[in-house]
Amino acid sequence: LSKITRRALLAGAGAIAGATAVGLAGEQPAALPEYPPVPQGAGELLNDAGELSPVRVEKHVLVNVDRFDAAAEAVRQELAEARREGRPAIASAARHSMGGQSLSQGGTVLTMDQRAMELDQSASTYRVAAGARWSSVIAALDAQGFSPAVMQSNNDFAVASTFCVNAHGWPVPYGPFGSTVRSFRMILADGSLVTCSRSENADIFRLTMGGYGLTGIILDLEVDMVPNVRLEPSYQRLSPSEFGTAFAAAAEDGEVLMAYGRLDVATSRFLDETLMITYRAVASDDPLPAATGSGFVSHAARQVYRAQPGSDRVKRLRWWMETSVSPRLAGHSTRNSLMNEPAATLSDGDPTRTDILHEYFVPAEALGPFTDACRDVVPRSFQELLNVTLRYVRDDPDSVLAYASGPRIAAVMSFTQEKSERAEADMARMTGALIDRVLDLGGSYYLPYRLHAELPQMQRAYPRLDEFVERKRALDPDERFRNALWDRIRRTV
Ligand SMILES: Cc1cc2nc3c(=O)[nH]c(=O)nc-3n(C[C@H](O)[C@H](O)[C@H](O)COP(=O)(O)OP(=O)(O)OC[C@H]3O[C@@H](n4cnc5c(N)ncnc54)[C@H](O)[C@@H]3O)c2cc1C
């Protein structure tokens with residue numbers, strides 16, 4: 001276990017200073033009374049992928065213990081110290097959340113970064129350390145002919161954090177990642193170690209899935225894997241009102257194994273058309289090639305992607321490439337190669353701007369009305385929308401903070417935002433308006449991004465939020481596990 005000094009794993013000091021300089025330090029939740037504020041200059045400023053939530057933490061430790069039997073003690077020691085010194089604590093991994101969900105003001109942040117893994121081929125599961133990144137999971141599974149059942153679209157994130165946001169991906173037909181987790185081991189606030197599954201400590205299992213680290217620190221998990229296969233894409237252009245039900249039907253047809261959609265974001269025909277891409281297995285006697293990373297096409301696409309801001313011409317060019325060029329170039333790929341894409345492929349080097357994600361979940365038949373709502377709200381917001389990816393998620397009967405109370409189409413929206421108070425205020429207004437419209441359509445929104453939702457919106461999207469708060473308090477009466485999401489909830493609930 002090593003102390004990290006002045007080294008933000010994700011954001012360097014320059015990026016943090018940049019965000020503070022434009023006044024966004026005011027975004028931080030105020031220190032709550034029961035924890036002494038960290039003196040100015042003490043501790044360490046950490047940020048996350050949103051680059052808008054610099055948080056001063058008292059202690060930042062890297063948990064890189066790579067033996068299943070030893071990680072518990074390392075975590076316990078840090079929690080015991082936090083308890084003695086009256087500090088909050090939170091686990092973090094790649095910190096690709098965007099609103100301080102992996103940071104604890106004035107607290108201890110434990111960055112989990114591990115690799116330990118064991119495959120059980122007879123059970124089609126693997127046991128994996130909490131902080132293992134998907135890139136190393138894919139590498140280990142690929143070598144044995146397997147593939148993660150569900151993960152996000154990028155490979156930079158860790159496994160336990162994926163469970164704690166209950167992420168979804170584009171393998172179908174699956175619910176969120178938590179639906180593929182059989183069990184996990186976790187250290188609670190009092191230092192005790194629990195094993196949780198749907199039959200053992202089931203209440204903690206359901207609270208922790210999508211529970212943003214507020215119940216404890218996960219050590220390792222037992223997760224489903226599936227055979228790696230060779231896949232071939234097919235492409236179909238549809239109107240947004242046709243897309244939802246066609247996509248849900250394709251995802252559930254038994255032959256499609258991966259699927260996603262896109263919306264045309266060109267200003268002159270904003271969200272008028274969708275593209276559905278579905279992947280089916282291809283039989284072949286050849287052995288599967290090893291998983292590759294992003295290839296030439298991804299890198300070329302990145303150049304066009306980054307040239308979009310302010311240019312309708314480039315947005316139209318991108319749509320033409322996606323709908324007309326990609327189908328001609330696309331060949332076979334493996335499941336693992338498709339999922340082995342780093343988020344950095346699309347990243348922007350501009351220190352004055354940041355990419356901000358939003359995500360909304362709507363019933364299949366509501367996708368048309370959802371795009372109508374976006375057409376009303378987004379163009380007036382002064383925000384630049386670069387991309388909308390569409391996914392399919394089955395319902396989530398397990399987690400207390402479930403975002404999919406039925407099968408849902410997920411719309412992942414990526415904006416480029418100026419790092420300024422004015423842009424932040426515009427973004428908050430736009431987010432509030434979009435959330436209201438989505439809630440009226442029977443949908444919900446995703447919690448790992450900016451924390452702009454008002455409490456009543458959060459309660460409508462997550463009807464069991466009050467129960468979550470009550471049960472978290474029963475499990476962790478001193479509120480040891482605390483992050484910006486909890487600070488926002490607890491001020492009002
Ligand atoms: C470019 C990009 C693409 C994305 N694509 C997708 C996508 O396709 N699908 C999707 O669903 N989401 C997607 N996301 C959201 C992403 O899944 C979340 O932000 C996720 O949290 C990222 O993982 P991380 O390792 O960075 O987690 P972090 O941000 O480090 O942590 C997330 C949460 O997990 C908790 N946590 C971390 N480790 C532990 C542990 N060991 N025990 C207990 N709690 C823990 C933290 O406290 C925090 O609340 C994307 C985000 C970005 C930036």
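Summing Cβ point charges (Lys, Arg +1; Asp, Glu -1) relative to the Cα centre of region 337-464 gives a dipole of roughly 180 debye. Listed peptides 238-248, 189-199, 108-118, 125-135 appear in the order 125-135, 108-118, 238-248, 189-199 once ranked by packing, highest mean of other Cβ atoms within 10 Å at the front.
For region 302-382, taking the reciprocal of the average inverse distance between every pair of different Cα atoms yields a Kirkwood hydrodynamic radius of 16.0 Å. Considered as an equivalent ellipsoid built on the Cα gyration tensor, region 220-269 has semi-axes of 28, 15, 12 Å, the largest given first. Note on the chain: dipole from Cβ charges, positive end direction compared against M186, A42, L207; the farthest Cα belongs to A42. Cα centroid distance between region 437-491 and region 117-146, in Å? Spelled out, the Cα-based centre of one part sits 32 Å from the other. Legend: residues Y360, Y449, sorted from most to least accessible area (1.4 Å probe; ligands, DNA and RNA excluded), read Y449, Y360. Diffusion of region 63-116 by Stokes-Einstein, at 37 °C in a medium of 0.692 mPa s and with Rh set to the Kirkwood radius over alpha-carbon pairs, works out to 276 µm²/s. Say the dipole of the chain comes from +1 at the beta carbon of Lys and Arg and -1 at that of Asp and Glu; which of L401, T371, N387 then lies farthest toward its positive end? Highest projection toward the positive end goes to N387. Centre-to-centre separation between the Cα atoms of region 67-101 and those of region 219-255: 35 Å. Put a dot 7 Å past the Cα of E242, heading toward its Cβ, do the same for V304, and the two dots end up 2.2 nm apart. Using the 1.4 Å probe convention, the accessible area of the chain works out to 38 Å² per residue with neighbouring protein chains retained.
Geometric descriptor of region 166-219, per residue, is 73 Å³ (volume of the convex hull of the Cα atoms).
Taking one quarter of the surface of the convex hull spanned by the alpha-carbon atoms of the chain gives a direction-averaged projected area of 21.0 nm².
If R0 is taken as 30 Å, the Cβ-Cβ distance between S284 and Q459 corresponds to a FRET efficiency of 0.05. Once backbone amide H atoms are built at 1.01 Å from N, S53 has D48 as its partners under 5 Å, excluding neighbours fewer than 5 places away on the same chain. Ranked by the mean number of other Cβ atoms within 10 Å of their residues, highest first, the peptides 224-234, 438-448 come out as 438-448, 224-234.
The values are calculated or read from the model by the stated rules, or taken from the named source; none is laboratory data. What you are looking at is a predicted structure, and each value in this text was computed from that prediction instead of being measured. Heads up, the Cβs are rebuilt from the backbone with ideal geometry, glycines too, and the neighbour counts pull from every protein chain shown. When the accessible area is computed, the model is the full protein with side chains, heavy atoms only, and any ligands, DNA or RNA have been set aside. Shrake-Rupley method; radii C 1.70, N 1.55, O 1.52, S 1.80 Å.
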